[in-house]
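Engineer: Before we start, here is the structure in question, set down as structure tokens.
The values are calculated or read from the model by the stated rules, or taken from the named source; none is laboratory data. Everything quoted here is computed from the prediction, not taken from an experiment. All Cβ positions, glycine included, derive from the backbone under ideal geometry; neighbour counts span all protein chains shown. The area values use the complete protein model at the heavy-atom level, side chains included, leaving out ligands, DNA and RNA. Shrake-Rupley method; radii C 1.70, N 1.55, O 1.52, S 1.80 Å.
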Amino acid sequence: RVIMAGGTGADVPENDRERVDRWLDDSVDRWSELARGLPEGRGARMIHGHYAIAYQIVGDFETPQGANLLEHLRGGAVRYTGRPPFEVPPRRGPDPYPHEGNIECWFGGVDDDVGPADSHHWRVSPDAQFFILRGYQEDAAQNRGFEPGTLFEISIMAWRIGEIILHAESMARQFGAEQARVIIAAKWTGLTGRQISTYAAPNYGFLTQNISHQDVHRTSVEIQVDRIADELPELVDSIIRPLYELFDFFTLPATLVSEELARMRNLLR
């Protein structure tokens, strides 16, 4: 694929970041295609917004294909939370399936409406591209007393992004690509009117009324696989700090990301 260079009429190769951005957009379109078939009122439609994260491992290695790729995906699983990213359900649950050369799994198509946070959709390509889309945990029906689409929790996103980066590190090891690069692109929607909340992390002990006046936020970063273990908190912070600043210039506490990642990994109680 090539893109047109503005004003020159010349074809220029698509670079790695542009390729990941396109994978993100194409994958969101694929999820939209699936979600359009759901009945009105289903949480899996994520009418209040969602976040989508794509990454690609870039380096000199060969990616397994087909069923072999699925086995590597099982082998590279990271399990720090109840519903880990790129989950391949071992028992009851939706089975991954091939679609247009990729492997995908959609949790929103099950008979029970499990809500936006658990209705995620993931895709993996034979070019070492990964994608996952999830609704906000803040919009779950069990959060009684909170209207969906009104809150944006202070600690949850550190866990979610941390899991994704650790998954990228694990998959790179599965592929024998420990010296590779990882390019991550992320997009959040449905932010307008949401207010910063500490409902899942009351230990921070402060209240805010900081609200987002912007509906969509997008970012991308490039990282080295062999630096993830030593620099995970800094990497996660660099991704989510600008996101939280959309909420009336809210500044994340300096140690929040490192503390939450330690809790996620059961290193801090």
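Engineer: For the stretch 204-234, give me the residue count where each residue is at pLDDT below 90 and assigned to a helix (DSSP H, G or I). Explain how you work it out, then say what you get.
Structural biologist: Looking only at the stretch 204-234, we keep the residues that are at pLDDT below 90, and these are 204-209.
Imposing the further condition that a residue be assigned to a helix (DSSP H, G or I) reduces the set to 204.
Of the residues in that region, 1 qualify.
Engineer: Tell me which residues, restricted to the stretch 163-203, are in contact (Cβ under 8 Å) with a residue 40 or more places away in the chain, among the hydroxyl-bearing types (Ser, Thr, Tyr) and either assigned to a loop (DSSP other than H, G, I, E, B) or touching a Gly at 6+ places or on another chain (Cβ under 9 Å) (or both).
Structural biologist: Going residue by residue through the stretch 163-203, those that are in contact (Cβ under 8 Å) with a residue 40 or more places away in the chain are 163-191, 193-201.
Retained after the next criterion (residues that are among the hydroxyl-bearing types (Ser, Thr, Tyr)): 170, 189, 197-199.
Scanning the stretch 163-203 gives Ser170, Thr189, Thr198, Tyr199.
Engineer: Something else about it: With the checklist (1) out of contact with any helix residue (DSSP H, G or I) (no Cβ under 9 Å at 6 or more places or on another chain); (2) modelled with pLDDT of 90 or more; (3) farther than 26 Å from Ile165 by Cα; (4) open to solvent by less than 60 Å² (accessible area, probe 1.4 Å) in hand, flag the one item Val12 doesn't pass.
Structural biologist: It fails just one condition, (2).
Quick grid of which residues meet (1) hydrophobic (A, V, I, L, M, F, W, C); (2) closer than 26 Å to Glu147 by Cα:
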residue: Gly43; (1), (2): no, yes
residue: Ile53; (1), (2): yes, yes
residue: Pro64; (1), (2): no, no
residue: Leu69; (1), (2): yes, no
residue: Leu73; (1), (2): yes, no
residue: Pro84; (1), (2): no, yes
residue: Gly101; (1), (2): no, no
residue: Gly108; (1), (2): no, yes
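Engineer: Being basic (Lys, Arg), over 26 Å from His72 (Cα atoms) and open to solvent by 10 Å² or more (accessible area, probe 1.4 Å) narrows it down to one residue among Arg194, Arg160, Arg241, Arg227; which is it? Even if it seems obvious, please write down each step before you answer.
Structural biologist: On the way: Arg194 fails: open to solvent by 10 Å² or more (accessible area, probe 1.4 Å); Arg160 fails: over 26 Å from His72 (Cα atoms); Arg227 fails: over 26 Å from His72 (Cα atoms).
Criteria check complete, one pass: Arg241.
Engineer: Continuing with this model, one more query. Which ones in the stretch 128-157 are open to solvent by less than 10 Å² (accessible area, probe 1.4 Å) and among the polar types (S, T, N, Q)?
Structural biologist: Within the stretch 128-157, Ser155 is the sole residue that qualifies.
Engineer: Could you tell me which numbered condition Asp118 fails, if it satisfies all but one of (1) at pLDDT 95 or above; (2) within 22 Å of His99 (Cβ to Cβ); (3) open to solvent by 20 Å² or more (accessible area, probe 1.4 Å); (4) of a type outside the set (Val, Ile, Thr)?
Structural biologist: If we test Asp118 against (1) at pLDDT 95 or above; (2) within 22 Å of His99 (Cβ to Cβ); (3) open to solvent by 20 Å² or more (accessible area, probe 1.4 Å); (4) of a type outside the set (Val, Ile, Thr), just (1) comes out false.
Engineer: Same structure, new question: Could you tell me which of the residues Glu169, Glu178 is within 15 Å of the chain's Cα centre (by Cα), among the acidic types (Asp, Glu) and closer than 30 Å to Phe61 by Cβ? Break it down stepwise before answering.
Structural biologist: On the way: Glu178 fails: within 15 Å of the chain's Cα centre (by Cα).
After ruling out the rest, the residue left standing is Glu169.
Engineer: Which of the residues belonging to the stretch 204-220 are crowded, with 17+ Cβ neighbours inside 10 Å and free of Cβ contacts under 8 Å to residues at least 40 places away in the same chain?
Structural biologist: Scanning the stretch 204-220 gives Ile211, His217.
Engineer: Looking only at the stretch 182-237, which residues are touching a strand residue (DSSP E or B) at 6+ places or on another chain (Cβ under 8 Å), within 24 Å of Arg17 (Cα to Cα) and of a type in the set (Lys, Arg)?
Structural biologist: Lys187, Arg218, listed by residue number.
Engineer: When the residues of the stretch 89-115 are narrowed to those that are modelled with pLDDT of 85 or more and among the hydrophobic types (A, V, I, L, M, F, W, C), which ends up most open to solvent (accessible area, probe 1.4 Å)?
Structural biologist: Trp106
Engineer: Right, another one. What is the residue count in the stretch 93-107 for residues that are touching a residue at least 24 places away in the same chain (Cβ under 8 Å) and on the phi > 0 side of the Ramachandran plot?
Structural biologist: 1
Engineer: Open to solvent by less than 40 Å² (accessible area, probe 1.4 Å), in contact with a helix residue (DSSP H, G or I) (Cβ under 8 Å, 6 or more places away or on another chain) and touching a residue at least 40 places away in the same chain (Cβ under 8 Å): does that describe Glu260? Show your work before the answer.
Structural biologist: Working: open to solvent by less than 40 Å² (accessible area, probe 1.4 Å): yes; in contact with a helix residue (DSSP H, G or I) (Cβ under 8 Å, 6 or more places away or on another chain): yes; touching a residue at least 40 places away in the same chain (Cβ under 8 Å): yes.
Spelling it out, Glu260 is indeed open to solvent by less than 40 Å² (accessible area, probe 1.4 Å), in contact with a helix residue (DSSP H, G or I) (Cβ under 8 Å, 6 or more places away or on another chain) and touching a residue at least 40 places away in the same chain (Cβ under 8 Å).
Engineer: Kindly provide the set of residues from the stretch 34-81 that are outside any loop (DSSP other than H, G, I, E, B), surrounded by 13 or more Cβ atoms within 10 Å (Cβ to Cβ) and of a type outside the set (A, V, I, L, M, F, W, C), ordered by number.
Structural biologist: Initially, the stretch 34-81 is screened for residues outside any loop (DSSP other than H, G, I, E, B), giving 34-35, 43-45, 50-58, 66-75.
In the following step, the residues that additionally are surrounded by 13 or more Cβ atoms within 10 Å (Cβ to Cβ) were identified as 34-35, 43-45, 50-58, 69-74.
Listed by number, the residues that qualify are Gly43, Arg45, His50, Tyr51, Tyr55, Gln56, Glu71, His72, Arg74.
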